[in-house]
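Structure, as structure tokens:
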Amino acid sequence: MKSFLKSLDTGQLSKMRIVAYRDTKFRNRIDSYDVLFNPENLKDKKIQEFSTGNSTNGSSAQTVTYKGAGPSNFDLKFFFDGTGIISTESVESQIERLLQLVYKVNYIGKPSFVL
């Protein structure tokens with residue numbers, strides 16, 4: 001964990017493993033793929049939803065009620081290298097392998113379930 005937090009400060013690349021499964025219980029593993037990303041570009045946006053209404057005691061003040069968690073968005077940018085320093089595989093080939101792992105329709109007619 002310390003090395004990950006250190007990379008947040010320095011802009012170093014971190015490795016993330018994406019693992020694909022055939023089922024929603026994540027028991028039947030298909031394959032995995034390691035990707036690099038810069039933790040400085042990681043964004044995790046969560047929205048909380050509230051509703052407003054008039055107070056019931058006759059005042060003009062509005063009451064705010066928590067409705068629940070709204071939509072969330074997790075965004076990060078992958079880093080691919082085809083120069084031979086990190087990988088000798090072409091960038092196009094690396095991206096194709098990742099897309100196949102994540103989006104290829106499996107035997108039940110759905111894309112893989114990924115972690």
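Computed values, structure above
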| read-out | value |
| --- | --- |
| Extended-chain gain in nm, criterion 0.36 nm per residue less alpha-carbon gap, residue 37 and residue 81 | 14.7 nm |
| At R0 = 25 Å, FRET efficiency that the Cβ-Cβ distance of residue 105 and residue 12 yields, to 0.05 | 0.10 |
| Local net charge near residue 97, Cβ-Cβ under 12 Å (Lys/Arg +1, Asp/Glu -1) | -4 |
| FRET efficiency estimate (nearest 0.05) - Cβ-Cβ, residue 95 to residue 27, R0 22 angstrom | 0.20 |
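Read the figures in this text as sums done on the coordinates, not as results from a lab. Since the structure is predicted, the reported quantities are computational estimates derived from the model, not experimental observations. No Cβ is skipped: glycine too gets one built from the backbone with ideal geometry, and neighbour counts run over all protein chains shown.
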